[in-house]
Amino acid sequence: MTDTSVLNVRDLRAHYVLSAFGINRSVSAVDTVSFSIGRNEIYGLAGESSSGKTTLIRTIAGAIRPPLRILSGTIEFDFAGKRIAMQAATQNDLAAIRWKHLSYVMQGSMSVLNPVRRVRHSFVDFAHRHIGGTIPDFLNTVRAHIERLDLAPRVLNSYPHELSGGMRQRVAIALATICRPDFIIADEPTTALDVVVQKSVLAMIRSVQREIGSSMLFVTHDLSVHANLTDRLGIMYAGRIVEEAPTAELFRNPLHPYTRHLVASLPRIGVVPPVTTDLAGRPPSLADPPSGCRFHPRCPLAMPICADQPPSLRTVANGHRVACFAVGGAA
Amino acid sequence: MTELLEVANVYRTFRGGGLLGRRVIRAVDDVSFSIDAGRPEIFTIIGESGSGKTTLSRMILAMVRPTAGTIRFKGNDVAAIAGRRDRLAFMQCVQPIFQNPFEAFNPLKRLDRYLFVTAERFAGAGNRNAAETQADRALHQVGLSLTEVRRRYPHELSGGQLQRIAIARALISSPMLIVADEPVSMVDASLRMSIVTLFRTLRDTLGVSIIYITHDLATAYTISDRIIIMRHGSVVESGDARAVLDAPKHPYSILLKSAILSPDLGNPPCAQSP
Amino acid sequence: MHRTILDLLRTNHAFTAGVVLLAIVIVIALLSFVSPYPPNDAYVVPPDVPPCWAYPLGTNSRGQDVFWQLSVGIRNTLAFGITVAAISRCLALAIGMTAGYAGGMIDRVLMSVNDTFIVIPLFPILVLFYFVMRDRMSWALLALVMACLGWAYDARLIRSVALSLRTREFTETAIFSGMTMPQVLLREHLPFVLPIVFSTTMNNINWSIGMEVTLSVLGFTDINTPTIGVMLYWANQHTAMVAGIWWWIAAPVALVVITFLGLFLLAVSMNEFIDPRSRLNRVRG
């Protein structure tokens, strides 16, 4: 599996260490996370807020600045033979791969598009140095790319605020894919969009990914989006991955109690559920997480061993991993 | 006077544009509906951004005046509310729940304070003990207790809990109508359903009518009695919730329904959690 | 709270420097209460003596010990500056927050008044005030007048914060909880506004001290009360520079510069502390 994987994360532990104005605190945001993403694959990462997924994205994207520190573990990219270890990458290394091999689509597209310049200038700023050629030739390439994605070429001459939210997000996706990168990180790209727009933007993401063949790490808390887009899906809870499986398999047969709760609490048209029982408690504070399995205070299947040791992610079926003593077997 | 809330041909326009061009934006364009007093119900307004649903909710809450048309609450024109006493009487009966649970409370202040002030002002609590009792009772109705909330700041709690506290605060005055503007859109997906079904419980046990504003058809299906779908300020379809959502007629409603992402990939839904 | 201040002292050098400088100034000001000479008496010591062991800062041409004069002077100057800042803060807060919250006509009227006050040239007005009041001039009156002229700039700043606070949802929660407008302003909005008020206070003290020194040097205040500016006035009257009595001018100038620096450093470091982003930049991993 590692031969064909584009991203390989092994035993990653990343903390925020805060020591200022008399307060010392260490927030264990990512704790012993291991997973890999293959070529031409959309890998989904689901989790609530404070599950650590934002920190995980930051470390994978190389945005590692104090107070965020990587304590141990490796993050390795393999871009068609060109390897890079993110945890030790210098600014030069990052600049070499950014946008050409690794790009991102974030939730607020305004943070990518310069609000005081026309859209085509953003394309020039980001991508021209990688694609090269004269500016007019480059812009022709951009225009062809935009048209292939069913966007009107006139968006290139617009300012970001003249476009609707959905349009801006589509432009951001075009911008992220213009260099045909090997890997795209998408952080809640459709969460702020209306339902109708969300569906078309997701369709655009799927078609552009198929066309370029890049791998994608798609992070969102919305399981319905995962169900309709991703090939494999990992569930994060309190800084750890608790279950991972091909998407269809995960929805058909969720094993971890947290995953089961998530899948059962999805609203569906045509189905009126009885009064749902909530999980007791709330996601733990990552500054002071529970011992052993971090889910055990809320778990209906908790056993004495769950408070002592953290369960490791074990394969129980083809491609289906789960971290639970009750359903996954002993550590 | 059997009508709790009557919205009659309400318009709200905003003037945009600068000196050289005046644009008129019709945020709400001839909307009418009414809610019965005798029968508590959950009335859902579905719309995407720009549909006018937030402007409509602010008019119902007497925060904004309609440009034309009337909104009557218990027979009295809402736009005519002036003076502190009238306003207090209105707020006793109509309470809001806002979209962003993290913004609904002052981040620099403790949460329990809002509950106590509401109890003193609207529930006739004479002293601190009475206020605490009222607050505790309201919190129990939403599945929390005062001990969990006492002396806490907003950043110490999750979005779901904060929204529950907001609902509890709204319940302290024993209102007849609660206007909830996108109450779960900023809450994590796994916590949404429990809050949404809480509305159903409030309607059944406390007899509170709830105007539930959302863009999410799936949660609307679960709890709504009646539904209207808004687009660009006007109502495109209305009627009984299940009927409209099972078989929408207007092209926009059909488009909305088709855009819902279903988690069922053609597979039977999984078994319930143990 | 203690730990915060100690931590600030340890890590933020600007804060430490500001505290040290201000401590020096305050100690000297407090020493004025144990001055062996009544402040207004002249010819109590030999005049024009350069700094030496007996008189650490020398004596001036009026036969007064420069050091003790200085301590009384800085005390009066500081008291003046703080009074002006306090009164004008209250004015700026009241007007700014009311205008920001109420909006509409009240806001426009208040802001028109505000802008008028910003545009008024302060110095000519104060000179005019002196000429009108002349013998009935007193420090309290001067402080009041300056406070009434010094609130306008910051009122606008506070108003813009109040404006943004009014549209935040917790304001509406407070309203629907039954709070009155004064309650909302005092209990909900004031904590957001206070950090700004604090840093503008430092600036305001600096500004009013500067004004006082300017007016006194030119003789447009009550020159019988020793302040920093009045010391310089008398030094000019006795042509101290020409006569070579440099310590009479150097001492008050040096001390007022130290005061300015101390206040400025405090304001800058407190600003950094209050702004969360710069706080994070200083975190040691």
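Quick note: the coordinates plus some simple rules give every number you see, no bench work behind them. No experiment lies behind these values; they were computed from the predicted model shown. Every residue, glycine among them, receives a Cβ derived from its backbone with ideal geometry; neighbour counts consider all protein chains shown.
Observations, loosely collected:
- Centre separation in Å (Cα based) which lies between the stretch B:156-217 and the stretch C:167-221: 37
- Cβ-derived FRET efficiency at R0 35 Å, A:M303 paired with A:K82, nearest 0.05: 0.15
- C-alpha long axis of helix C:152-166 to longest principal axis of chain C, angle in °: 20
- Peptide A:189-195 has a mean of 4 when you count, residue by residue, the C-beta atoms of other protein chains within 10 Å of its C-beta.
- Averaging the sequence gap over all C-alpha pairs within less than 8 Å and six or more residues apart, then dividing by the number of residues, gives chain B a relative contact order of 24 percent.
- Rounded to whole Hz, the Karplus (6.51, -1.76, 1.60) HN-Hα couplings of the stretch A:84-92, x for glycine and proline: 8, 9, 5, 6, 10, 6, 8, 4, 5
- Helix-derived mean residue ellipticity, 222 nm - over chain C, DSSP H n ≥ 4, -39500 (n - 2.57), to 500: -24000 deg cm²/dmol
- Here the Karplus curve 6.51 cos²θ - 1.76 cosθ + 1.60, taken at θ = phi - 60°, turns the phi angles of the stretch A:73-78 into couplings of x, 10, 10, 10, 9, 10 Hz, with x standing for Gly and Pro.
- Per-residue mean of C-beta atoms belonging to partner chains within 10 Å, peptide B:179-192: 4
- Projected over all directions and averaged, the alpha-carbon convex hull of chain C occupies 19.3 nm².
- Net charge in the neighbourhood of C:P226 (other residues with Cβ under 11 Å of its Cβ; Lys, Arg +1, Asp, Glu -1) is 0.
- Mean-square fluctuations from a GNM of chain A, with a 10 angstrom spring cutoff on Cα atoms, peak among A:Y104, A:Y159, A:Y43 at A:Y159.
- Amide H contacts under 5 Å for A:C324: A:R314, restricted to partners 5 or more places along the chain or on a different chain, H placed in the peptide plane at 1.01 Å from N.
- Shielding of peptide A:255-261 by partners, expressed as the average count of other chain Cβ atoms within 10 Å per residue Cβ, is 2.
- Listed by chain and number, the lysines placed with their C-alpha closer than 17 angstrom to that of A:K199 are B:K257; residues fewer than eight positions away on the same chain are left out.
- For the protein assembly as shown, the antiparallel share of DSSP beta bridges with both residues in that region comes to about 60%.
- Among C:M202, B:M186, sorting on how many other beta-carbon atoms sit within 10 Å of each Cβ, with the fewest leading, yields B:M186, C:M202.
- Rounded to the nearest 10 degrees, the angle from helix A:195-212 to the longest Cα principal axis of chain A is 80 degrees.
- Cross-link partners of B:K249 among aspartates and glutamates, defined as those whose alpha carbon lies under 17 angstrom from its own and excluding same-chain residues fewer than eight positions apart: B:E237, B:D240.
- ³J(HN,Hα) computed for each position of the stretch B:232-247 - Karplus, 6.51 cos²θ - 1.76 cosθ + 1.60, integer Hz, glycine/proline x: 6, x, 10, 7, 9, 7, 8, x, 5, 4, 4, 4, 5, 7, 6, 9
- Between A:D150 and B:D29, the simple spin-label model (points 7 angstrom out along Cα→Cβ) gives 2.6 nm.
- Neighbour-count ranking [beta-carbon atoms within 10 angstrom, fewest first] of A:H261, B:H250: B:H250, A:H261
- Amide H contacts of B:I210 (H built 1.01 Å from N, under 5 Å, at least 5 apart or other chain): B:E41, B:I42, B:F43, B:I178
- Nearby lysines by direct alpha-carbon distance to A:K82 (threshold 27 angstrom, same-chain neighbours under 8 apart not counted): A:K53, A:K100
- Take the Cα of A:R180, go 7 Å toward its beta carbon, and the backbone nitrogen atoms of the stretch A:94-136 under 15 Å from that spot belong to A:100-102, A:130-132.
- Å³ per residue enclosed by the Cα convex hull of the protein assembly as shown: 235
- Considering only C:A54, C:A235, C:A102, the mean-square fluctuation computed in a Gaussian network model of chain C, springs between alpha carbons under 10 angstrom, is largest for C:A54.
- Order of B:F122, C:F198 under a 10 Å beta carbon neighbour criterion, fewest first: C:F198, B:F122
- Using R0 = 22 Å, the C-beta based FRET efficiency linking A:N318 and A:T4 works out to 0.85.
- Taking the C-alpha atoms only, the angle from helix C:228-237 to the longest principal axis of chain C is near 40 degrees.
- Equivalent-ellipsoid semi-axes for chain A (Cα gyration tensor, √(5λ), whole Å, largest first): 36, 23, 19.
- Peptides C:111-118, A:286-293, C:81-88 ranked from most to least packed give C:81-88, A:286-293, C:111-118, packing being the mean of other C-beta atoms within 10 angstrom over each peptide's residues.
- Computed E for C:A54/C:V20 - FRET, C-beta separation, R0 35 angstrom, nearest 0.05: 0.80
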